[in-house]
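I have placed the structure first, in the form of C-alpha coordinates, so that the comments after it can refer back to it.
The values are calculated or read from the model by the stated rules, or taken from the named source; none is laboratory data. As the structure is a computational prediction, the values presented were derived from the model and not from experiment. Cβ sites come from the backbone with ideal geometry, for glycine too, and all protein chains shown count toward neighbours.
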Amino acid sequence: MKPSLHTKGYRRLLPSLTALVEFEAAARLSSFTKAGHELGVTQSAVSRQIKTLEEQLGVDLFHRKYRSIQLTEAGKELNKVVTSALQKIAGFFDKLALEPDEGEVVLGTTAAFSHFHLLPRLSQLKNEHPEINLRLATQMFTSELHPDDVNLFVRYGDGVWPDGKSFFLFDEEVFPVCSPSWLNNHPHITSLEQLSKSALIEYDSTLEGWLGWHQWFELNHFQAPKLRYSLRCSLYTDAIQAALHGQGVVLGWGRLLEDFLSTGKLVRVTPHTAKMDESYYLVLPNGQQITQAVHDVMSWLKNE
(Lines give C-alpha, C1' and ligand atoms only; values in the text may rest on other atoms or scores of the structure.)
Protein backbone atom coordinates (compact mmCIF):
# COMPACT_ATOMS: atom_id res chain seq x y z
CA MET A 1 0.00 0.00 0.00
CA LYS A 2 1.34 3.41 -0.96
CA PRO A 3 1.70 6.06 1.76
CA SER A 4 -1.21 8.51 1.98
CA LEU A 5 -0.86 11.93 0.37
CA HIS A 6 -1.42 13.30 3.88
CA THR A 7 1.69 11.52 5.17
CA LYS A 8 4.44 13.98 6.01
CA GLY A 9 8.20 13.98 5.38
CA TYR A 10 10.18 11.12 3.88
CA ARG A 11 7.50 8.58 4.78
CA ARG A 12 5.38 9.93 1.94
CA LEU A 13 8.16 9.24 -0.59
CA LEU A 14 9.88 6.14 0.76
CA PRO A 15 8.59 2.57 0.88
CA SER A 16 8.74 0.44 4.01
CA LEU A 17 12.25 0.36 5.48
CA THR A 18 11.61 -3.29 6.34
CA ALA A 19 11.01 -3.97 2.66
CA LEU A 20 14.25 -2.22 1.72
CA VAL A 21 16.24 -4.22 4.28
CA GLU A 22 14.73 -7.48 3.04
CA PHE A 23 15.32 -6.43 -0.57
CA GLU A 24 19.01 -5.77 0.17
CA ALA A 25 19.42 -9.18 1.80
CA ALA A 26 17.66 -10.98 -1.07
CA ALA A 27 19.76 -9.13 -3.65
CA ARG A 28 23.01 -9.84 -1.80
CA LEU A 29 22.24 -13.51 -1.20
CA SER A 30 20.36 -14.10 -4.51
CA SER A 31 17.70 -15.96 -2.55
CA PHE A 32 14.47 -15.11 -0.75
CA THR A 33 14.95 -18.18 1.45
CA LYS A 34 18.50 -17.25 2.53
CA ALA A 35 17.40 -13.67 3.13
CA GLY A 36 14.61 -14.95 5.39
CA HIS A 37 17.04 -17.11 7.36
CA GLU A 38 19.42 -14.19 7.84
CA LEU A 39 16.67 -11.83 8.99
CA GLY A 40 14.73 -14.35 11.07
CA VAL A 41 11.58 -14.33 8.93
CA THR A 42 10.02 -16.76 6.48
CA GLN A 43 10.72 -16.98 2.77
CA SER A 44 7.12 -16.05 2.05
CA ALA A 45 7.40 -12.93 4.22
CA VAL A 46 10.42 -11.76 2.21
CA SER A 47 8.62 -12.55 -1.04
CA ARG A 48 5.58 -10.52 0.04
CA GLN A 49 7.71 -7.53 0.99
CA ILE A 50 9.51 -7.62 -2.36
CA LYS A 51 6.19 -7.94 -4.21
CA THR A 52 4.79 -4.94 -2.35
CA LEU A 53 7.93 -2.98 -3.16
CA GLU A 54 7.62 -3.86 -6.85
CA GLU A 55 3.98 -2.79 -6.87
CA GLN A 56 4.86 0.55 -5.28
CA LEU A 57 7.64 1.20 -7.79
CA GLY A 58 5.76 -0.21 -10.77
CA VAL A 59 8.71 -2.33 -11.92
CA ASP A 60 10.00 -5.86 -11.45
CA LEU A 61 13.09 -5.98 -9.25
CA PHE A 62 13.92 -9.67 -9.74
CA HIS A 63 13.74 -12.20 -12.53
CA ARG A 64 12.16 -15.19 -10.81
CA LYS A 65 13.55 -18.41 -12.23
CA TYR A 66 13.30 -22.02 -11.17
CA ARG A 67 15.00 -22.19 -7.76
CA SER A 68 16.83 -18.91 -8.35
CA ILE A 69 16.32 -15.17 -8.60
CA GLN A 70 18.30 -12.54 -10.48
CA LEU A 71 18.17 -8.76 -10.27
CA THR A 72 16.60 -6.89 -13.16
CA GLU A 73 18.25 -3.71 -14.41
CA ALA A 74 15.90 -1.70 -12.19
CA GLY A 75 16.77 -4.02 -9.30
CA LYS A 76 20.50 -3.46 -9.84
CA GLU A 77 20.05 0.29 -9.75
CA LEU A 78 17.93 0.14 -6.59
CA ASN A 79 20.39 -2.25 -4.95
CA LYS A 80 23.28 0.18 -5.50
CA VAL A 81 21.32 2.99 -3.83
CA VAL A 82 19.95 0.91 -0.95
CA THR A 83 23.30 -0.78 -0.20
CA SER A 84 25.12 2.53 -0.12
CA ALA A 85 22.48 4.13 2.13
CA LEU A 86 22.37 1.23 4.60
CA GLN A 87 26.16 1.10 4.81
CA LYS A 88 26.29 4.81 5.60
CA ILE A 89 23.65 4.45 8.32
CA ALA A 90 25.40 1.42 9.83
CA GLY A 91 28.76 3.17 9.64
CA PHE A 92 27.39 6.21 11.46
CA PHE A 93 26.01 4.06 14.27
CA ASP A 94 29.37 2.32 14.56
CA LYS A 95 31.07 5.69 14.70
CA LEU A 96 28.81 6.84 17.55
CA ALA A 97 29.17 3.57 19.43
CA LEU A 98 32.96 3.47 19.36
CA GLU A 99 35.39 5.71 21.20
CA PRO A 100 37.71 7.71 18.91
CA ASP A 101 40.79 5.70 18.06
CA GLU A 102 43.80 7.53 16.66
CA GLY A 103 45.25 4.20 15.59
CA GLU A 104 42.25 3.33 13.40
CA VAL A 105 42.48 3.81 9.65
CA VAL A 106 39.39 3.50 7.47
CA LEU A 107 40.37 2.25 4.02
CA GLY A 108 37.85 2.28 1.19
CA THR A 109 38.25 -0.34 -1.55
CA THR A 110 36.16 -2.22 -4.05
CA ALA A 111 35.13 -5.75 -3.18
CA ALA A 112 37.42 -7.23 -5.84
CA PHE A 113 40.50 -5.35 -4.61
CA SER A 114 39.69 -6.15 -0.99
CA HIS A 115 38.97 -9.86 -1.51
CA PHE A 116 41.73 -10.70 -3.96
CA HIS A 117 44.60 -8.32 -3.27
CA LEU A 118 44.31 -6.78 0.18
CA LEU A 119 42.96 -9.45 2.53
CA PRO A 120 45.64 -12.05 1.68
CA ARG A 121 48.29 -9.46 2.68
CA LEU A 122 46.83 -8.00 5.85
CA SER A 123 48.94 -10.23 8.07
CA GLN A 124 52.01 -8.44 6.69
CA LEU A 125 50.57 -5.08 7.76
CA LYS A 126 49.77 -6.45 11.21
CA ASN A 127 53.27 -7.83 11.60
CA GLU A 128 54.87 -4.52 10.64
CA HIS A 129 52.36 -2.25 12.44
CA PRO A 130 50.52 -4.14 15.20
CA GLU A 131 49.34 -0.82 16.69
CA ILE A 132 47.17 -0.02 13.64
CA ASN A 133 43.49 -0.93 13.64
CA LEU A 134 42.37 -1.17 10.02
CA ARG A 135 38.72 -0.87 9.07
CA LEU A 136 37.71 -1.79 5.52
CA ALA A 137 34.90 0.22 3.95
CA THR A 138 34.21 -2.07 1.01
CA GLN A 139 31.97 -1.14 -1.91
CA MET A 140 31.12 -3.18 -4.97
CA PHE A 141 32.12 -0.54 -7.48
CA THR A 142 34.73 2.20 -7.81
CA SER A 143 32.00 4.77 -8.49
CA GLU A 144 30.62 4.15 -4.98
CA LEU A 145 33.90 5.01 -3.23
CA HIS A 146 33.51 8.42 -1.61
CA PRO A 147 35.84 10.31 0.77
CA ASP A 148 33.21 10.80 3.50
CA ASP A 149 34.44 9.28 6.78
CA VAL A 150 37.26 7.43 4.98
CA ASN A 151 40.93 8.12 5.66
CA LEU A 152 42.18 6.58 2.42
CA PHE A 153 40.78 4.71 -0.50
CA VAL A 154 42.05 2.71 -3.47
CA ARG A 155 40.75 3.59 -6.92
CA TYR A 156 41.31 2.28 -10.41
CA GLY A 157 41.46 4.92 -13.14
CA ASP A 158 43.59 7.68 -14.60
CA GLY A 159 44.67 9.08 -11.23
CA VAL A 160 42.90 12.41 -11.68
CA TRP A 161 40.01 12.96 -9.26
CA PRO A 162 38.80 16.25 -7.78
CA ASP A 163 38.10 14.89 -4.30
CA GLY A 164 41.62 13.87 -3.30
CA LYS A 165 45.33 13.56 -4.02
CA SER A 166 46.39 10.41 -5.85
CA PHE A 167 49.47 8.25 -5.32
CA PHE A 168 50.35 5.64 -7.94
CA LEU A 169 50.27 2.02 -6.73
CA PHE A 170 50.70 -0.23 -9.78
CA ASP A 171 49.73 -0.88 -13.41
CA GLU A 172 47.49 -3.68 -14.57
CA GLU A 173 47.27 -6.18 -17.40
CA VAL A 174 44.49 -8.60 -18.25
CA PHE A 175 44.80 -12.14 -19.62
CA PRO A 176 42.69 -15.34 -19.75
CA VAL A 177 42.89 -17.68 -16.75
CA CYS A 178 41.21 -20.88 -15.63
CA SER A 179 41.61 -23.68 -13.11
CA PRO A 180 44.38 -26.25 -13.71
CA SER A 181 41.80 -29.01 -14.05
CA TRP A 182 39.92 -27.14 -16.77
CA LEU A 183 43.15 -26.52 -18.71
CA ASN A 184 44.13 -30.19 -18.44
CA ASN A 185 40.82 -31.10 -20.06
CA HIS A 186 41.27 -28.50 -22.83
CA PRO A 187 45.01 -28.54 -23.69
CA HIS A 188 44.37 -27.70 -27.36
CA ILE A 189 43.55 -24.01 -26.71
CA THR A 190 46.59 -22.10 -27.95
CA SER A 191 45.20 -19.49 -30.36
CA LEU A 192 42.77 -16.59 -29.97
CA GLU A 193 40.35 -18.28 -32.36
CA GLN A 194 40.31 -21.45 -30.25
CA LEU A 195 39.95 -19.36 -27.11
CA SER A 196 36.97 -17.47 -28.56
CA LYS A 197 35.15 -20.78 -29.10
CA SER A 198 35.79 -22.10 -25.59
CA ALA A 199 33.64 -21.87 -22.45
CA LEU A 200 34.05 -18.21 -21.48
CA ILE A 201 32.91 -16.71 -18.18
CA GLU A 202 31.65 -13.15 -18.55
CA TYR A 203 30.91 -10.45 -15.98
CA ASP A 204 29.02 -7.16 -16.26
CA SER A 205 31.66 -4.77 -17.57
CA THR A 206 29.24 -1.83 -17.79
CA LEU A 207 28.70 -1.61 -14.04
CA GLU A 208 32.32 -0.95 -13.17
CA GLY A 209 34.20 -0.27 -16.36
CA TRP A 210 35.66 -3.78 -16.29
CA LEU A 211 37.18 -4.95 -19.55
CA GLY A 212 34.89 -7.50 -21.23
CA TRP A 213 35.75 -10.32 -23.61
CA HIS A 214 34.83 -8.46 -26.80
CA GLN A 215 37.01 -5.48 -25.87
CA TRP A 216 39.85 -7.77 -24.80
CA PHE A 217 39.85 -9.59 -28.15
CA GLU A 218 39.84 -6.23 -29.96
CA LEU A 219 42.89 -5.09 -27.97
CA ASN A 220 44.60 -8.27 -29.18
CA HIS A 221 43.68 -7.40 -32.80
CA PHE A 222 41.28 -10.30 -33.18
CA GLN A 223 37.73 -9.93 -34.46
CA ALA A 224 35.89 -12.45 -32.34
CA PRO A 225 32.77 -14.17 -33.69
CA LYS A 226 29.68 -14.48 -31.55
CA LEU A 227 31.03 -15.62 -28.22
CA ARG A 228 29.67 -18.59 -26.34
CA TYR A 229 29.49 -17.89 -22.62
CA SER A 230 29.37 -20.80 -20.22
CA LEU A 231 28.30 -18.40 -17.45
CA ARG A 232 27.49 -14.71 -17.04
CA CYS A 233 27.94 -13.01 -13.66
CA SER A 234 27.02 -9.56 -12.38
CA LEU A 235 30.12 -9.37 -10.19
CA TYR A 236 33.76 -10.07 -10.97
CA THR A 237 34.20 -11.84 -7.63
CA ASP A 238 31.57 -14.41 -8.67
CA ALA A 239 33.21 -14.89 -12.07
CA ILE A 240 36.54 -15.70 -10.40
CA GLN A 241 34.90 -18.18 -8.05
CA ALA A 242 33.30 -19.87 -11.06
CA ALA A 243 36.71 -20.18 -12.73
CA LEU A 244 38.22 -21.63 -9.55
CA HIS A 245 35.50 -24.29 -9.63
CA GLY A 246 36.33 -25.27 -13.20
CA GLN A 247 33.44 -23.58 -15.02
CA GLY A 248 35.58 -22.15 -17.82
CA VAL A 249 37.91 -19.27 -18.73
CA VAL A 250 37.68 -15.79 -17.22
CA LEU A 251 39.63 -12.61 -17.84
CA GLY A 252 42.19 -12.35 -15.08
CA TRP A 253 43.26 -8.96 -13.77
CA GLY A 254 46.83 -9.94 -13.01
CA ARG A 255 47.60 -7.73 -10.01
CA LEU A 256 44.36 -8.68 -8.30
CA LEU A 257 44.92 -12.39 -8.83
CA GLU A 258 48.61 -12.63 -7.93
CA ASP A 259 47.95 -15.00 -5.03
CA PHE A 260 45.81 -17.38 -7.09
CA LEU A 261 48.41 -17.40 -9.88
CA SER A 262 51.41 -17.85 -7.60
CA THR A 263 49.78 -20.80 -5.78
CA GLY A 264 48.59 -22.41 -9.01
CA LYS A 265 44.90 -22.21 -8.16
CA LEU A 266 44.49 -20.30 -11.41
CA VAL A 267 46.70 -20.63 -14.49
CA ARG A 268 47.08 -18.68 -17.72
CA VAL A 269 45.43 -20.24 -20.76
CA THR A 270 47.42 -18.47 -23.49
CA PRO A 271 50.27 -15.90 -23.44
CA HIS A 272 48.01 -13.22 -24.95
CA THR A 273 47.47 -10.18 -22.75
CA ALA A 274 46.15 -6.62 -22.73
CA LYS A 275 48.07 -3.92 -20.88
CA MET A 276 45.66 -1.38 -19.44
CA ASP A 277 45.97 2.40 -19.80
CA GLU A 278 44.56 2.97 -16.31
CA SER A 279 46.15 1.95 -13.01
CA TYR A 280 45.50 1.55 -9.29
CA TYR A 281 45.95 4.60 -7.10
CA LEU A 282 45.86 5.34 -3.40
CA VAL A 283 43.76 8.45 -2.82
CA LEU A 284 44.01 10.77 0.16
CA PRO A 285 40.72 12.73 0.42
CA ASN A 286 40.89 16.52 0.41
CA GLY A 287 41.20 17.91 3.94
CA GLN A 288 42.09 14.52 5.43
CA GLN A 289 44.72 14.70 8.17
CA ILE A 290 47.71 12.40 7.86
CA THR A 291 48.03 10.83 11.28
CA GLN A 292 50.92 8.49 12.01
CA ALA A 293 48.64 5.51 11.42
CA VAL A 294 47.44 6.88 8.07
CA HIS A 295 51.04 7.61 7.05
CA ASP A 296 52.10 4.06 7.93
CA VAL A 297 49.25 2.49 5.95
CA MET A 298 50.03 4.70 2.95
CA SER A 299 53.69 3.72 3.07
CA TRP A 300 52.85 0.03 3.38
CA LEU A 301 50.41 0.10 0.46
CA LYS A 302 52.87 1.97 -1.77
CA ASN A 303 55.79 -0.32 -0.90
CA GLU A 304 54.21 -3.77 -0.60
Which one is farthest from Gly157 (Cα to Cα), of the residues in the stretch 207-216 that are surrounded by 15 or more Cβ atoms within 10 Å (Cβ to Cβ) and at pLDDT below 90? Leu207
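Could you check how many residues of the stretch 235-245 are part of a loop (DSSP other than H, G, I, E, B) and surrounded by 15 or more Cβ atoms within 10 Å (Cβ to Cβ)?
1
Does the stretch 173-192 contain any residue that is of a type in the set (D, E, K, R), assigned to a strand (DSSP E or B) and either at pLDDT below 90 or closer than 24 Å to Ser299 by Cβ (or both)? Give the derivation first.
Taking the stretch 173-192 first, the residues of a type in the set (D, E, K, R) are 173.
Okay, now just the ones that are also assigned to a strand (DSSP E or B), so 173.
In the following step, the residues that additionally are either at pLDDT below 90 or closer than 24 Å to Ser299 by Cβ (or both) were identified as none.
Taking every residue of the stretch 173-192 in turn, none turns out to be of a type in the set (D, E, K, R), assigned to a strand (DSSP E or B) and either at pLDDT below 90 or closer than 24 Å to Ser299 by Cβ (or both).
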If Trp300 meets every condition in (1) touching a helix residue (DSSP H, G or I) at 6+ places or on another chain (Cβ under 7 Å); (2) hydrophobic (A, V, I, L, M, F, W, C); (3) modelled with pLDDT of 95 or more apart from one, which number is that one? (3)
Select, from Leu183, Leu169, Leu152, Leu219, the only residue that is in contact with a Ser or Thr (Cβ under 8 Å, 6 or more places away or on another chain) and surrounded by 13 or more Cβ atoms within 10 Å (Cβ to Cβ). Leu169
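Looking at Val250, Val283, can you tell me which residue is in contact with a Pro (Cβ under 9 Å, 6 or more places away or on another chain), surrounded by 18 or more Cβ atoms within 10 Å (Cβ to Cβ), under 18 Å from Thr109 (Cα atoms) and not charged (D, E, K, R)?
On the way: Val250 fails: under 18 Å from Thr109 (Cα atoms).
Of Val250, Val283, the one residue that is in contact with a Pro (Cβ under 9 Å, 6 or more places away or on another chain), surrounded by 18 or more Cβ atoms within 10 Å (Cβ to Cβ), under 18 Å from Thr109 (Cα atoms) and not charged (D, E, K, R) is Val283.
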Provide a single number: the residues in the stretch 138-160 that are modelled with pLDDT of 70 or more, under 17 Å from Ser279 (Cβ atoms) and under 18 Å from the mean Cα position of the chain (by Cα). 6
Contacts under 6 angstrom Cβ, first residue in the stretch 42-58 being aliphatic (A, V, I, L, M), partner surrounded by 15 or more Cβ atoms within 10 Å (Cβ to Cβ) and not in a helix (DSSP H, G or I), 6 or more apart: Leu53/Pro15
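Could you say which residue among Asp277, Asp204 is within 29 Å of Leu152 (Cβ to Cβ), under 18 Å from the mean Cα position of the chain (by Cα) and surrounded by fewer than 18 Cβ atoms within 10 Å (Cβ to Cβ)? Reasoning before the result, please.
On the way: Asp277 fails: under 18 Å from the mean Cα position of the chain (by Cα).
Result of the check over Asp277, Asp204: Asp204.
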Starting from the stretch 263-276, keep only residues that are in the same structural domain as Leu200 (by TED's automatic domain parsing) and in a loop (DSSP other than H, G, I, E, B), then list their pairs with residues that are β-branched (Val, Ile, Thr) and surrounded by fewer than 17 Cβ atoms within 10 Å (Cβ to Cβ) whose Cβ atoms are within a distance under 8 Å, requiring at least 6 positions of separation or different chains. Thr270/Thr190
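Inspect all residues belonging to the stretch 283-299 and state whether any of them is more than 30 Å from Glu131 (Cα to Cα), in a strand (DSSP E or B) and not aliphatic (A, V, I, L, M). Before the answer, list the steps.
Going residue by residue through the stretch 283-299, those that are more than 30 Å from Glu131 (Cα to Cα) are none.
No: zero hits.
Matching residues to (1) acidic (Asp, Glu); (2) under 29 Å from Glu77 (Cα atoms); (3) touching a Leu at 6+ places or on another chain (Cβ under 9 Å):
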site	(1), (2), (3)
Phe170	no, no, no
Cys178	no, no, yes
Ile189	no, no, yes
Gln194	no, no, no
Asp204	yes, yes, yes
Trp210	no, yes, yes
